[in-house]
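*Asks:* Here you go, one structure.
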Amino acid sequence: MNDDENLRTERPTFVTHLECSYTGERFEADRIHGLSSAGKPLLVCYDLAGVRKALSKEQLAQRPPDIWRYRELLPVRRVQDIVSLGEALTPLVRLPNLARKLGGAEIIVKDEGRLPTGSFKARGLVMAVSMAKALGITHMAMPTNGNAGAALAAYASHAEIKSTVFCPEDTPEVNVSEIELQGATVYRVNGLIDDCGKIVGEGKAKVGWFDASTLKEPYRIEGKKTMGLELAEQLGWDVPDAIFYPTGGGTGLIGMWKAFAELEAIGFIGKKRPRMIAVQAEGCAPMVRAFEAGEEHAPRFENAHTIASGIRVPAAVGDFLILRAVRESGGYAVAVSDDAITQAVEEVARGEGLLLCPEGGATYAAYKQGLKDGRVKPTDRVMLFNCATGLKYPLPPVTRTIDRTKPIDFNQFAR
Ligand SMILES: *Cc1c(COP(=O)(O)O)cnc(C)c1O
């Protein structure tokens with residue numbers, strides 16, 4: 001069967017079962033699952049020996065440039081269940097001007113702002129909604145700081161699934177509007193994202209909706225995993241020395257760590273792993289606290305606040321998975337201030353013409369800090385994650401004007 005036929009027909013799938021990430025308890029595939037019986041995230045397991053036999057790098061290279069090229073390592077079994085809005089591969093953008101200025105070797109931004117709904121939440125939600133469709137789910141709900149809700153709304157509408165979304169009351173206007181416009185029913189809640197999460201949890205029994213919260217269903221990780229598959233392929237089946245990842249619920253960091261293990265198991269990469277660096281904001285840094293204290297779990301970070309709303313997550317159900325990946329990789333967790341974030345966004349926008357979201361800015365600020373304190377070497381090839389388009393966020397006002405009815409001083413333009 002050639003690739004084209006394989007896309008259109010029922011394809012062999014390699015999912016064997018699901019596994020509790022904490023206890024290792026096994027769960028059957030093709031059933032609706034939330035958390036494990038221990039209340040921890042479930043991980044999807046594959047027959048990797050089978051994938052190894054079925055897939056070669058050469059075959060993969062022939063496929064269309066979207067995330068479905070990695071289908072052997074994805075959970076969706078039937079092509080007709082894929083709810084696609086065009087999940088293109090995202091580019092690696094180099095920052096040569098800033099690398100020269102800082103004396104760094106190579107700064108690469110994985111620019112996730114190009115995905116449907118303008119953020120990498122699309123990767124996770126396209127997988128969660130496709131699986132929801134496959135499993136016959138008709139109503140999905142989630143708490144969100146904005147981007148996840150937008151992606152859920154878009155994909156749920158595309159799949160004709162009902163969606164209900166709860167955001168903290170100070171969620172940026174543009175996010176609340178895009179969620180509603182893309183077909184969800186959205187509510188502002190006077191609390192933080194975990195307060196919204198409690199409402200979703202309670203509604204499971206009372207309304208009967210499916211809880212699509214970060215890591216409370218098994219497939220968003222599989223979607224976010226494609227970031228790791230993709231970046232390795234884009235680097236010619238290599239990995240960078242360090243990955244700076246703005247960490248909220250940690251789905252992407254956990255997903256990429258899983259991706260690298262799977263790629264090694266199928267013989268596509270070797271033993272080398274990037275150091276995983278979890279970047280948080282000083283106003284909401286539960287992982288940094290737990291990392292520095294040597295803890296396995298991270299208690300709720302009280303009075304969480306930061307302009308980087310995507311990483312304003314005071315408590316994460318996958319905390320131990322984030323901390324485990326960071327430690328196993330020889331990485332670390334670090335917090336940057338909101339001022340440093342704002343300055344970083346400005347520096348990259350002016351210096352390279354790339355408009356990062358605040359969370360993406362945080363990774364650049366953390367990289368600079370790492371160079372300064374020696375935790376990153378100037379010779380390291382680093383990858384920063386820009387998780388959303390900068391255009392979704394409030395931008396600084398501009399006040400400069402020209403009065404065309406008066407004489408114009410053209411010298412000013414030359415300065
Ligand atoms: C959700 C989000 C994050 C955090 O991603 P996780 O994988 O959940 O940790 C970072 N930045 C932006 C823009 C986001 O929307």
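The values are calculated or read from the model by the stated rules, or taken from the named source; none is laboratory data. All values derive from a computational prediction rather than experimental measurement. FYI the Cβ positions are ideal-geometry reconstructions off the backbone, even for glycines, and counts take in every protein chain you see. The area values use the complete protein model at the heavy-atom level, side chains included, leaving out ligands, DNA and RNA. Shrake-Rupley method; radii C 1.70, N 1.55, O 1.52, S 1.80 Å.
*Asks:* Within segment 106-117, can you find the residues that are in a helix (DSSP H, G or I) and open to solvent by 10 Å² or more (accessible area, probe 1.4 Å)?
*Replies:* Result: 113, 114, 116, 117.
*Asks:* Looking only at segment 38-80, count how many residues are closer than 21 Å to residue 128 by Cα, part of a loop (DSSP other than H, G, I, E, B) and out of contact with any Phe, Trp or Tyr (no Cβ under 6 Å at 6 or more places or on another chain).
*Replies:* 7
Residue-by-condition table, conditions (1) open to solvent by 70 Å² or more (accessible area, probe 1.4 Å); (2) touching a residue at least 60 places away in the same chain (Cβ under 8 Å):
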{"position": "14", "(1), (2)": "no, no"}
{"position": "23", "(1), (2)": "yes, no"}
{"position": "28", "(1), (2)": "yes, no"}
{"position": "33", "(1), (2)": "no, yes"}
{"position": "36", "(1), (2)": "no, no"}
{"position": "41", "(1), (2)": "no, yes"}
{"position": "50", "(1), (2)": "no, no"}
{"position": "58", "(1), (2)": "yes, no"}
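*Asks:* Six or more apart or on different chains, Cβ atoms under 6 Å: show the pairs whose first residue is in segment 80-91 and in contact (Cβ under 8 Å) with a residue 24 or more places away in the chain and whose second is assigned to a loop (DSSP other than H, G, I, E, B) and open to solvent by less than 40 Å² (accessible area, probe 1.4 Å).
*Replies:* 82/76; 83/159
*Asks:* Here's a follow-up. In segment 241-273, what residues are within 16 Å of the ligand (Cβ to nearest atom) and in a loop (DSSP other than H, G, I, E, B)?
*Replies:* 247, 248, 249, 250
*Asks:* Only one of (1) within 16 Å of the ligand (Cβ to nearest atom); (2) part of a helix (DSSP H, G or I) is not met by residue 142, so which one is it?
*Replies:* The single condition residue 142 does not satisfy is (2).
*Asks:* Are any residues in segment 84-123 among the charged types (D, E, K, R) and within 17 Å of residue 70 (Cα to Cα), and if so, which ones?
*Replies:* The answer is 87, 123.
*Asks:* Let me ask something additional. Going by the conditions given, is residue 291 without any contact (Cβ under 8 Å) to a residue 24 or more places away in the chain and either assigned to a helix (DSSP H, G or I) or within 16 Å of the ligand (Cβ to nearest atom) (or both)?
*Replies:* No; evaluated as a whole, the condition is false for this residue.
*Asks:* Determine, yes or no, whether residue 325 is touching a strand residue (DSSP E or B) at 6+ places or on another chain (Cβ under 9 Å), touching a residue at least 40 places away in the same chain (Cβ under 8 Å) and either of a type in the set (Asp, Glu) or within 12 Å of the ligand (Cβ to nearest atom) (or both).
*Replies:* It is true that residue 325 is touching a strand residue (DSSP E or B) at 6+ places or on another chain (Cβ under 9 Å), touching a residue at least 40 places away in the same chain (Cβ under 8 Å) and either of a type in the set (Asp, Glu) or within 12 Å of the ligand (Cβ to nearest atom) (or both).
*Asks:* Among the residues that make up segment 218-234, is at least one of them open to solvent by less than 10 Å² (accessible area, probe 1.4 Å), away from the ligand (no atom under 11 Å from the Cβ), free of Cβ contacts under 8 Å to residues at least 40 places away in the same chain and under 14 Å from residue 274 (Cα atoms)?
*Replies:* Within segment 218-234, one or more residues are open to solvent by less than 10 Å² (accessible area, probe 1.4 Å), away from the ligand (no atom under 11 Å from the Cβ), free of Cβ contacts under 8 Å to residues at least 40 places away in the same chain and under 14 Å from residue 274 (Cα atoms).
*Asks:* What helices (runs of 4 or more DSSP H), lying completely within segment 314-415, carry at least 1 residues that are open to solvent by less than 30 Å² (accessible area, probe 1.4 Å)?
*Replies:* Answer list for segment 314-415: 319-328, 338-352, 358-373.
*Asks:* Now for a different question. Only one of these conditions is not met by residue 200: (1) within 26 Å of residue 144 (Cα to Cα); (2) in contact with an Asp or Glu (Cβ under 6 Å, 6 or more places away or on another chain); (3) in the same structural domain as residue 106 (by TED's automatic domain parsing). Which number is it?
*Replies:* All conditions are met except number (3).
Yes/no matrix, rows are residues, columns are (1) of a type in the set (S, T, N, Q); (2) surrounded by fewer than 20 Cβ atoms within 10 Å (Cβ to Cβ); (3) part of a helix (DSSP H, G or I):
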site	(1), (2), (3)
90	yes, no, no
99	no, yes, yes
104	no, no, no
130	yes, no, yes
155	no, no, yes
160	no, yes, no
165	no, no, no
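*Asks:* Would you pick out the residues in segment 99-120 that are free of Cβ contacts under 8 Å to residues at least 60 places away in the same chain and within 13 Å of the ligand (Cβ to nearest atom)?
*Replies:* Of everything in segment 99-120, just one residue is free of Cβ contacts under 8 Å to residues at least 60 places away in the same chain and within 13 Å of the ligand (Cβ to nearest atom), namely 115.
*Asks:* Considering only segment 167-189, state which residues are open to solvent by less than 10 Å² (accessible area, probe 1.4 Å) and either within 27 Å of residue 82 (Cβ to Cβ) or assigned by TED's automatic domain parsing to the domain that holds residue 303 (or both).
*Replies:* 175, 179, 184
*Asks:* Does at least one position in segment 104-118 carry a residue that is modelled with pLDDT of 95 or more, touching a strand residue (DSSP E or B) at 6+ places or on another chain (Cβ under 6 Å) and on the phi > 0 side of the Ramachandran plot?
*Replies:* Scanning segment 104-118, I find at least one residue that is modelled with pLDDT of 95 or more, touching a strand residue (DSSP E or B) at 6+ places or on another chain (Cβ under 6 Å) and on the phi > 0 side of the Ramachandran plot, so the answer is yes.
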